[in-house]
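Just below is one structure, and these are the notes that go with it.
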Amino acid sequence: MTAEDATLGSDADEVYFLFSSGERHPEGTHTIRSGETWEPHYFMSAAKEISVSLMESDMLGTDDVIGTFKITPDNAYGRFTERMVGDFSSYVVIFEVRR
């Protein structure tokens with residue numbers, strides 16, 4: 001994952017992934033600055049449809065959704081790129097679906 005631009009007014013974001021299964025990665029947050037890349041190395045089964053949301057921790061209220069994508073069992077296997085723009089920030093997430 002690459003942070004193209006952190007949240008407006010901030011030089012860094014506290015991010016995490018939230019899955020429709022209720023799982024979260026990392027358990028806390030990961031600090032990422034504009035231009036930085038983070039490789040979370042998270043593995044899970046894609047036997048059923050999964051929604052993956054990139055979240056930004058918000059100290060003043062509820063956490064913000066930067067973007068969401070779905071992984072379905074009928075996805076072609078391979079590497080995919082999702083560009084997420086939200087909460088005045090921009091991220092590129094690359095994920096891989098394997099058998």
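Here are some notes:
- First in the range 21-32 and charged (D, E, K, R), second anywhere and open to solvent by less than 60 Å² (accessible area, probe 1.4 Å) and at pLDDT 95 or above, Cβ under 9 Å, 6 or more apart: 23/17; 24/16; 24/17; 24/55; 27/16
- Qualifying residues in the range 1-39 (those that are open to solvent by 50 Å² or more (accessible area, probe 1.4 Å) and of a type in the set (A, V, I, L, M)) - the one modelled with the lowest pLDDT: 8
- Annotation note: of 95, 43, the sole residue that is open to solvent by 70 Å² or more (accessible area, probe 1.4 Å) and either touching a Cys at 6+ places or on another chain (Cβ under 8 Å) or modelled with pLDDT under 90 (or both) is 43.
- Residue match in the range 82-90 (condition: open to solvent by less than 30 Å² (accessible area, probe 1.4 Å) and among the hydroxyl-bearing types (Ser, Thr, Tyr)): yes
- Within the range 45-99, being polar (S, T, N, Q), in contact with a Phe, Trp or Tyr (Cβ under 9 Å, 6 or more places away or on another chain) and free of Cβ contacts under 8 Å to residues at least 24 places away in the same chain holds for one residue alone: 81.
The values are calculated or read from the model by the stated rules, or taken from the named source; none is laboratory data. Treat the numbers as computed from the prediction; the structure is a model and nothing was measured. Please note: Cβ atoms are built from the backbone with ideal geometry, for glycine as well, and neighbour counts cover all protein chains shown. The protein model used for the area step is the full one, side chains on, heavy atoms only, and it has no ligands, DNA or RNA in it. Shrake-Rupley method; radii C 1.70, N 1.55, O 1.52, S 1.80 Å.
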